[in-house]
1. What pairs in K110/K284; K136/K373; K144/K284; K47/K89 have C-alpha atoms more than 25 Å from each other?
2. What percentages, rounded to whole numbers, describe P(r) for the stretch 297-440 computed over all alpha carbon pairs with 5 Å bin width beginning at zero?
3. How many angstrom separate the Cα center of the stretch 132-201 from the Cα center of the stretch 304-359?
4. Counting other C-beta atoms within 10 Å, which of E221, E46 has the fewest, and how do the rest follow?
Amino acid sequence: MCGCPLSDNIQLNHEQQAKLRTFCHPRRRNKMGILVDDVVIIRQSEKEGDPSVITVNCPDKTGLGCDLCRILLFFGLNIVRGDVSTDGKWCYVVFWVMGKPNTRWNLLKKRLVGVCPSCSSASGISYYRNELQIQKPPDVFLLKLCCFDRKGLLYDVTEALCELELNVKKVKVSTTPDGKVMDLFFLTDTRELLGTKKRQEEAYQCLRNAIGDLMISYNIELVGPEITAHSQASSSVASAVTETVFPLDENHKGLYTSGDVSIAIDNSLSPAHTLFQISCQDHKGLLYDIMRTLKDYNIKISYGRFTFKKRRNCEIDLFIVQSDGRKILDTSKQNALTSRLKAELEQPLKVAMMNRGPDTELLVANPVELSGKGRPLVFHDITVALKKLNTCIFSAEIGRHVVGDREWEVYRVLIEEEDGPGLPRGKIEEQVWKTLMGWD
């Protein structure tokens, strides 16, 4: 098939075969090697309840699926079906997604195009940008927000930050005895414009609309390197947190986990690829969790099909190869990848409660990609869950910590209990877990 490395044993439908033939054909690119067609095409659903279709057709790179799924998760889209095909240079990805009424489709397309390799990279030309150039880390800004407290305030603030496409890297929230709240948010801007007066005014107006007259003061400033360095991952976590969230016994089941996960490996079906067959319970960000794990292991997907059925059951077939383009024949490598994938799907996030003196603290932890990116919308979902329970947040912190050989993002939320003991811990844990997993 046009020199495509996909084995004839991998069955593609007619549309995928046509697409592969098209982007393998030299007429597909102009003299500079740039694609003639759009890299990302979004076809919005015409009927309520039907999925929208997102097509990505661009040069391939290891980890592209992870980057695409992370953006879809950030925009709150639920993937109900997916197909991935590649010939080694070009890839063709189709996602069927369920959106929200307020989904900003034009902005979503811009973000998806932004993570795709430049179209010239497949021809060996760096026309748009140097693919090998090390990208400068985004600037970090400190948002200082002081206002009068009320229930659901932190949820409204995080909702506004999401709307502004501002990523929360770290947060420090504290409540004073006189009913005031001081919020310190360390932010990065997806649009990379937060240093401009216009962008800061836009952020102020959005936050003002969310908070209203409760806002007392507002300030945004660029954070210096000494502060950003201080906020980087530490080598240890408080022992109480470690014991609660990261028990030494890997078989410990005290924390919430997803349903049964089944992973089968087959090297006999394709002469060039290893087949991973995954059967598991669906949850929000499922494909992202799979893709980020494969990305961290430097695994390439040649062909994949994702089918999500009713009752949260899903089946995923992935034909994969190592970074050198070969099958995974080493048993130890197979076991390591299978073990990691199963752990990530059974427990993509860790949720637990613990005592902090007389108070109760909620702990949520999620693994950080090797690229340094954390899971999107975790803090937002925590505030959503606590708002549903009519539970107030007294203080909150986000930090990154190294546990074992992995870096984790740990959210520590101190629950306010003004009128005595409040809700049972199990109910809080369960609601937070269900919200994070998208099971509400």
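1. Values: K110/K284 22 Å; K136/K373 14 Å; K144/K284 31 Å; K47/K89 35 Å.
Beyond 25 Å: K144/K284; K47/K89.
2. 2, 8, 15, 17, 16, 14, 11, 8, 5, 3, 1, 0, 0
3. 31 Å
4. On the way: E221 11, E46 7.
The most exposed by this proxy come first: E46, E221.
Each value in this text was obtained by applying a stated rule to the coordinates, not by laboratory testing. This one's a predicted model, so the numbers in the text were calculated from it and none came from an experiment. In this analysis, Cβ positions are derived from the backbone assuming ideal geometry, glycine residues included, and neighbour counts consider all displayed protein chains.
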